[in-house]
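Have a look at the structure below, then the notes.
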Amino acid sequence: MSAPRFTLYGSLSPNVQKAILMLEEVGQPFRMVPLNVHRGEHFAPEFTRLNPLQRVPVLVDHAADEPLVIAESGAILIHLAESFGHLLPTEPRRRAEVLQWLMYQTSTVGPVWGQLNHFARDGSHDAYGLARFASAARLVYDRLEERLAVSPWLGGAQYSVADVAVWPWVSIEARLFGTRFPHMAIDAPGHPRLTAWFRRIEARPATRRAMAHIAALPSNRNTGTAEQEDRLVGRGAFARSLD
Ligand SMILES: N[C@@H](CCC(=O)N[C@@H](CS)C(=O)NCC(=O)O)C(=O)O
């Protein structure tokens with residue numbers, strides 16, 4: 001049996017889950033290389049050579065003689081969509097709409113919810129940071145609900161990479177915070193369209209296969225030492241000089 005065309009480096013994080021979801025959408029087998037970011041495995045020289053940004057996910061496409069290495073989850077989704085002609089329209093207007101919502105995910109949904117995760121979970125006692133990002137996160141939920149009131153899918157008339165990018169984030173935030181921040185629960189009454197959208201995607205065969213794959217990945221939370229956690233978030237001895 002030949003080796004799969006793709007290798008994916010990653011953890012259990014939502015940005016990695018996006019890539020898994022998309023690989024299942026395009027029906028491509030892949031080799032998964034799990035990295036524990038809490039232990040700083042993504043700072044190792046071998047991984048840094050692949051991605052100098054020291055972030056996961058990283059996808060390697062071995063189709064050509066010289067493997068193509070892609071970091072940034074949005075770029076990974078676009079590469080897979082274009083390679084297999086799936087979930088990214090070519091007609092300029094429809095494509096622009098999809099890309100707008102994909103960029104909204106990478107520029108806003110992920111970073112805002114990621115900051116909330118930090119202030120709500122990681123032993124932070126910064127009440128201002130928590131209040132600021134809890135409110136910003138709520139605004140994102142409201143924006144998604146507004147969008148789904150005028151469009152069946154985030155990217156327009158068809159399921160697209162924009163939906164693939166947002167779905168794992170909604171899934172993970174619900175699991176982490178659905179009790180503490182009730183609007184984040186999947187079935188919260190305040191966002192019926194988002195709930196219906198989530199359930200439609202959850203029922204897709206590719207999503208089911210992706211979730212089975214994700215369920216088999218190790219959870220690395222609370223596995224890092226205090227020093228490794230400081231390095232991960234760039235604080236304490238790892239804070240950058242502001243001189
Ligand atoms: N914009 C990047 C964000 C990637 C990212 O933040 N990945 C996290 C896991 S979700 C990571 O690698 N964190 C390790 C670190 O920040 O050192 C993407 O969309 O791929």
| query | So which residues in segment 172-207 are in contact (Cβ under 8 Å) with a residue 60 or more places away in the chain and open to solvent by less than 20 Å² (accessible area, probe 1.4 Å), if there are any at all? | reply | ILE172, GLU173, PHE177, ALA206, THR207
| remark: In segment 1-25, anything open to solvent by less than 20 Å² (accessible area, probe 1.4 Å) and in a loop (DSSP other than H, G, I, E, B) is listed as SER11
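When you check ILE214 against the structure, is it aliphatic (A, V, I, L, M), touching a residue at least 12 places away in the same chain (Cβ under 8 Å), in contact with a Pro (Cβ under 9 Å, 6 or more places away or on another chain) and open to solvent by less than 60 Å² (accessible area, probe 1.4 Å), yes or no? Walk me through how you get there before you give the answer.
Values: aliphatic (A, V, I, L, M): yes; touching a residue at least 12 places away in the same chain (Cβ under 8 Å): yes; in contact with a Pro (Cβ under 9 Å, 6 or more places away or on another chain): yes; open to solvent by less than 60 Å² (accessible area, probe 1.4 Å): yes.
Answer is yes for this residue.
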| Restricting attention to segment 67-78, and to residues there that are surrounded by fewer than 18 Cβ atoms within 10 Å (Cβ to Cβ) and under 15 Å from VAL164 (Cβ atoms), which single residue is farthest from the ligand (Cβ to nearest atom)? | ALA75
| query | Any chance segment 7-14 includes a residue that's touching an Asp or Glu at 6+ places or on another chain (Cβ under 8 Å), over 17 Å from VAL161 (Cα atoms) and within 15 Å of the ligand (Cβ to nearest atom)? | reply | no
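Only one residue in ALA136, ALA127 is aliphatic (A, V, I, L, M), surrounded by 15 or more Cβ atoms within 10 Å (Cβ to Cβ), more than 10 Å from the ligand (Cβ to nearest atom) and over 17 Å from LEU8 (Cβ atoms). Which one?
Unique residue meeting the criteria: ALA136.
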| For segment 49-66, what are the residues that are open to solvent by less than 40 Å² (accessible area, probe 1.4 Å) and either within 8 Å of the ligand (Cβ to nearest atom) or out of contact with any strand residue (DSSP E or B) (no Cβ under 9 Å at 6 or more places or on another chain) (or both)? | VAL56, PRO57
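Yes or no, residue by residue, for (1) aliphatic (A, V, I, L, M); (2) open to solvent by 50 Å² or more (accessible area, probe 1.4 Å); (3) farther than 29 Å from VAL58 by Cβ; (4) in the same structural domain as ASN222 (by TED's automatic domain parsing):
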{"site": "VAL98", "(1), (2), (3), (4)": "yes, no, no, no"}
{"site": "GLY114", "(1), (2), (3), (4)": "no, no, no, no"}
{"site": "HIS118", "(1), (2), (3), (4)": "no, no, no, no"}
{"site": "ARG132", "(1), (2), (3), (4)": "no, yes, yes, no"}
{"site": "TRP169", "(1), (2), (3), (4)": "no, no, no, no"}
| task | Run SER151 past the list (1) closer than 25 Å to VAL98 by Cα; (2) touching a helix residue (DSSP H, G or I) at 6+ places or on another chain (Cβ under 6 Å); (3) open to solvent by less than 20 Å² (accessible area, probe 1.4 Å) and report the number of the one that doesn't hold. | result | (2)
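The values are calculated or read from the model by the stated rules, or taken from the named source; none is laboratory data. Source: prediction; values computed, not measured. Reconstructed Cβ throughout: ideal geometry from the backbone, glycine too, with neighbour counts over all protein chains shown. Side chains included, ligands, DNA and RNA excluded: accessible areas come from the protein's heavy atoms. Shrake-Rupley method; radii C 1.70, N 1.55, O 1.52, S 1.80 Å.
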